[in-house]
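Reviewing the structure listed below.
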Amino acid sequence: MTDAELAEYRQLILADVEAYGWFCVVVLGDDEAGSPPFAYSVGFTETLGCPEFLVFGLPDELMFAMLEGVFLQIEGGRVPEDGARWGGLIEGFECVSRAVDPARLGSGLTDHADWFRRERGGDEPAPVHQLVWPGADDGLFPWDEGCELDVVLLQPPMYAPPETAH
C-alpha cells in the first residue's frame, strides 16, 4: 500500500468509526505461509469502552457479521469477558471470547487498531479479545480433545503466550 493509499484508508477508518461506531479490517490469508484470513474491529475501545475483537479463518462476510454482532450485543449492555460465550454470531453455535495475550499484540496483528488508538491519544496497543468458533460437525473448540484439525489450524491461539501456542 502506498503512503497515499494508507492515508486514504485511515481516513475511511476515521469516517466509519465516526458514522457507525467501528470499522472492520479484513486481512487476507496466505495459503503458502499457512496463515488464515482474519478480521478485527477498530473503534470498539473508543465507542464502547471495551477491547477490540478479532476472528480467524472464516469467509470475510461471516467474520464481519460476527464482529458486528459482538458490537451490537455490547452496545446493548453486554460486558465482554475472557471465556464468555456469545450466541447469535454463527447460526446454531456459540463462540467463545478469549483475551489475547499482550505479548501477541506487538507483532502488528491489529496494526490499524493500534494506529487508531494512538491517533486518539492512547499510549499502548488496544486490548483485544479473540472470538473462537467451534467445528460445525462436532461443536468442539480448538482446545477440546478430538477437535477437527482444520478448526485448530484456522484459529491461531492468540490467547496463549507465544512460547506455549501450537
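Write down the percent of antiparallel bridges among all DSSP beta bridges whose residues are both part of the chain, to the nearest 5.
So the antiparallel bridges in the chain amount to around 80 percent.
What value, in deg cm²/dmol to 500, does the helix sum -39500 (n - 2.57) over DSSP H runs of n ≥ 4 give at 222 nm once divided by the residues of the chain?
-9500 deg cm²/dmol
Report, by chain and number, residues whose modeled amide H sits under 5 Å from the one on W86, excluding near sequence neighbours (fewer than 5 apart, same chain).
C95, V96, S97
Per residue of the range 49-65, what does 6.51 cos²θ - 1.76 cosθ + 1.60 with θ = phi - 60° give for ³J(HN,Hα)? Whole Hz please, x for Gly and Pro, Karplus curve as stated.
Result, ordered by residue: x, 9, x, 6, 10, 9, 9, 10, x, 10, x, 3, 4, 5, 4, 4, 4 Hz.
For a footprinting-style exposure proxy, rank C147, C50 by other Cβ within 10 Å, fewest first.
Neighbour counts put them in this order, fewest first: C147, C50.
Remind me, what semi-axes does the range 45-89 give for its equivalent ellipsoid, largest first in whole Å, using sqrt of 5 times each Cα gyration tensor eigenvalue?
Computed over the range 45-89, the values are 18, 11, 10 Å.
Please identify every one of the GluC sites (Glu not before Pro) in the range 59-126 that sits in a loop by DSSP and has no more than 16 other beta carbons within 10 Å of its own beta carbon.
Answer in residue order: E81, E91.
Report Rg(Cα)/(2.2 N^0.38 Å) for the range 3-153, keeping two decimals.
Normalised Rg, Cα atoms only: 1.04.
Read-outs throughout are calculated quantities, based only on the coordinates presented, and are distinct from any laboratory measurement. For clarity, every value in this text was computed on a predicted model and none was experimentally measured. Because the Cβ atoms are built from the backbone with ideal geometry, glycine has one as well, and the counts that use them run over all protein chains shown.
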